[in-house]
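Just so it is clear, none of the values below were taken in a lab; they were calculated from the coordinates. Keep in mind the model is a prediction, meaning the values are calculated, not measured. Please note: Cβ atoms are built from the backbone with ideal geometry, for glycine as well, and neighbour counts cover all protein chains shown.
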Amino acid sequence: MFRITFTPEAIEDLRWFIKVDRKSIMEEIETQLRYEPAVETRNRKRLRPNQLAEWELRFGGFRIFFDVEEENRLIQVIAVGYKEGSRLIIRGREYPL
């Protein structure tokens with residue numbers, strides 16, 4: 001079982017969402033990342049090298065970006081955003097993909 005942590009920025013990202021969305025996002029993180037976070041699935045994939053994170057979890061229109069430390073059994077959620085068409089929005093601003 002992996003331990004899940006959040007960066008201060010990710011916590012701030014979550015505050016941009018309404019309570020029901022926050023709850024859904026947190027439940028999805030717990031369900032999808034607790035046991036096998038480094039296994040690619042239909043909704044979870046390793047990203048090309050970028051400045052944000054190594055992995056992405058897709059949940060509806062939401063996007064959760066995270067890194068996995070296998071040796072420490074730790075997941076660090078880096079950012080949480082959502083997609084509007086082909087644009088990624090984090091904290092109300094478009095993030096370049």
Which one of these is surrounded by fewer than 12 Cβ atoms within 10 Å (Cβ to Cβ), under 14 Å from the mean Cα position of the chain (by Cα) and among the charged types (D, E, K, R): Glu94, Glu27, Glu56?
Glu27
Can you say whether Ile11 is of a type in the set (Val, Ile, Thr) and free of Cβ contacts under 8 Å to residues at least 40 places away in the same chain, as far as the supplied structure shows?
yes
Just to be sure I understand, how many residues within segment 1-21 are assigned to a helix (DSSP H, G or I) and more than 12 Å from Tyr82 (Cβ to Cβ)?
7
Which residue is nearest to Glu9 (Cα to Cα), if the candidates are limited to segment 47-67 and must be in a strand (DSSP E or B) and in contact with a Phe, Trp or Tyr (Cβ under 6 Å, 6 or more places away or on another chain)?
Phe66
So Gly61 clears everything in (1) under 19 Å from Ser24 (Cα atoms); (2) buried (at least 18 other Cβ atoms within 10 Å of the Cβ); (3) not aromatic (Phe, Trp, Tyr) except one condition, right? Which one?
(2)
